[in-house]
């Protein structure tokens, strides 16, 4: 438990952001017209977060590790913005009434997961991983 006692609230928000990014990958795979780049960006977020958590288990007091939060936020934002490119036609057809919402439902849910993950990383960026590293 000594590992967790010096962690700031940003550590927990960043973990939650990675879990939401993983949920975004799972739901995005069920959408129509998916792009492999989006899944790669979100997988990079999860792997980068896991590497930071493992790194913090061995090394304490490194302020540079807090840059992982920024990198994760940029990757999630890129995945969210780039994911709209493949869904523009389907979203337009839903708005015009040609398709039902079921066509884009999984994409909308994955975009919501990505947006909430981005917000979690945004909040975590103000707090950092460790209390002493602030």
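What to note about this one:
- Ranked list, fewest to most other Cβ atoms within 10 Å of each Cβ, for 89, 72: 89, 72
- Residue among 39, 120, 70 with the largest mean-square fluctuation in a Gaussian network model of the chain, springs linking Cα atoms under 10 Å: 70
- Here segment 99-134 and segment 28-54 have alpha carbon centers that stand 12 Å from each other.
- Calculated [θ] (222 nm, deg cm²/dmol) that DSSP helices of n ≥ 4 give over the chain, each run adding -39,500 (n - 2.57): -25000 deg cm²/dmol
- Its Cα gyration tensor gives segment 47-134 an equivalent ellipsoid; the semi-axes, largest first and in whole Å, are 37, 10, 10.
- Degrees separating the helix 105-125 axis from the principal Cα axis of the chain, which is the longest one: 20
- Residue 74-residue 123 pseudo-label distance in nm [points 7 Å out on the Cα-to-Cβ vector]: 2.4
- Candidates 106, 14, 96, ranked by Gaussian network fluctuation over the chain, Cα under 10 Å, top entry: 96
- Look at the alpha carbon pairs under 8 Å that are at least 6 residues apart: their mean separation over the length of the chain gives a relative contact order of 48 percent.
- Among 121, 93, 107, the residue with the largest mean-square fluctuation in a Gaussian network model of the chain, with springs joining Cα atoms closer than 10 Å, is 93.
- Förster radius 41 Å - calculated FRET efficiency between residue 95 and residue 37, Cβ distance, rounded to 0.05: 0.95
- Cβ-derived FRET efficiency at R0 25 Å, residue 5 paired with residue 64, nearest 0.05: 0.70
- Straightening the chain between residue 29 and residue 55 buys 6.4 nm, computed as 0.36 nm per residue apart minus the Cα-Cα spacing.
Laboratory data are not the source of any read-out in this text; all were calculated from the coordinates shown. This one's a predicted model, so the numbers in the text were calculated from it and none came from an experiment. Neighbour counts are summed over all protein chains in view; Cβ atoms, including those assigned to glycine, are modelled from backbone coordinates with ideal geometry.
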